[in-house]
Amino acid sequence: MSFNKALNDEEVFSEMRKMVAFIKQEALEKAREIKVKADEEFNIEKAKLVRQEAINIDAAFQRKVKQADVQRRIAQSNNINKSRMTILLTRQQMLDDLFAESRNQLLEVTKDTARYEKFLADALVQAFFRLLESEVTVTYRKADKAAIEKLLPDVKARYEEATKQSIKVTLLDEHLPADSAGGVIVAGNGGRTICNNTPEARLAILEEDMLPDVRNMLFGQSPNRKFFN
């Protein structure tokens, strides 16, 4: 029969120190495990945050790039439109100057008496044929009254011979402006039908009819035009 020998104080302390050392070692290892796991989770979360922030920065950069591109396109469009408007205004000014010079040249016709009287006679005949009225009134420059009175008998005879009908012509006391290029305005049907045969009116019609051709001669064909007559 055997008996366990009781531990003395020194042995008890020794066992206790071993147990404390074991517990301490376990605690240190557990602490290291917790720290490693915490570091891993921190690094993962940090990587997520860094990646998300990089995505946010890239998205913000792309937005700024798009905004800058939009602003560039708007500025480019504004500059193009401004340039086009400047070109259009310059071209229109050139056309206005050209037609203004043409109107000034009309006054030169009145200085050539023979040429101007032929124009007056032709203008009267053309107006009579256009209206085909038995009674008409004629408005003219005051300075042209003598010339018209001289031309009228022959003009009436030409008209009446061609149409086989008579025409009564009344010269009105109301006159065209003295600084105009002359010509006549003939009215029939009680003034309801009018033929404006002044050089200014004929030039205005010519300007409208020939404007596309004049523009083409001066500036060339528009690159944006797809169809041509």
The number of residues in segment 143-191 that are closer than 13 Å to T110 by Cα and charged (D, E, K, R) is 2
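So which of K35, K64 is under 58 Å from the mean Cα position of the chain (by Cα), free of Cβ contacts under 8 Å to residues at least 12 places away in the same chain and open to solvent by 90 Å² or more (accessible area, probe 1.4 Å)?
Numbers: K35 fails: under 58 Å from the mean Cα position of the chain (by Cα).
None of the others qualify; the one that does is K64.
Residues checked against (1) at pLDDT below 85; (2) surrounded by 10 or more Cβ atoms within 10 Å (Cβ to Cβ); (3) on the phi > 0 side of the Ramachandran plot; (4) within 60 Å of the chain's Cα centre (by Cα):
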| site | (1), (2), (3), (4) |
| --- | --- |
| I23 | no, yes, no, no |
| L28 | no, yes, no, no |
| L49 | no, yes, no, yes |
| I55 | no, yes, no, yes |
| A59 | no, yes, no, yes |
| Q93 | yes, yes, no, yes |
Can you report the number of residues in segment 135-146 which are touching a Gly at 6+ places or on another chain (Cβ under 9 Å), part of a helix (DSSP H, G or I) and open to solvent by 20 Å² or more (accessible area, probe 1.4 Å)? 1
Taking the condition of a type outside the set (D, E, K, R), touching a residue at least 12 places away in the same chain (Cβ under 8 Å) and more than 21 Å from R103 (Cβ to Cβ), does L124 pass? yes
Enumeration of residues in segment 155-198 that are open to solvent by less than 60 Å² (accessible area, probe 1.4 Å), over 20 Å from K118 (Cα atoms) and in a loop (DSSP other than H, G, I, E, B): I167, G191
Being in a helix (DSSP H, G or I) and not acidic (D, E) is the filter here; which residues of segment 120-134 pass it? L120, A121, A123, L124, V125, Q126, A127, F128, F129, R130, L131
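The values are calculated or read from the model by the stated rules, or taken from the named source; none is laboratory data. Treat the numbers as computed from the prediction; the structure is a model and nothing was measured. Cβ atoms come from the backbone with ideal geometry, glycine included; neighbour counts cover every protein chain shown. Only protein heavy atoms, including side chains, enter the accessible area calculation; ligands, DNA and RNA are left aside. Shrake-Rupley method; radii C 1.70, N 1.55, O 1.52, S 1.80 Å.
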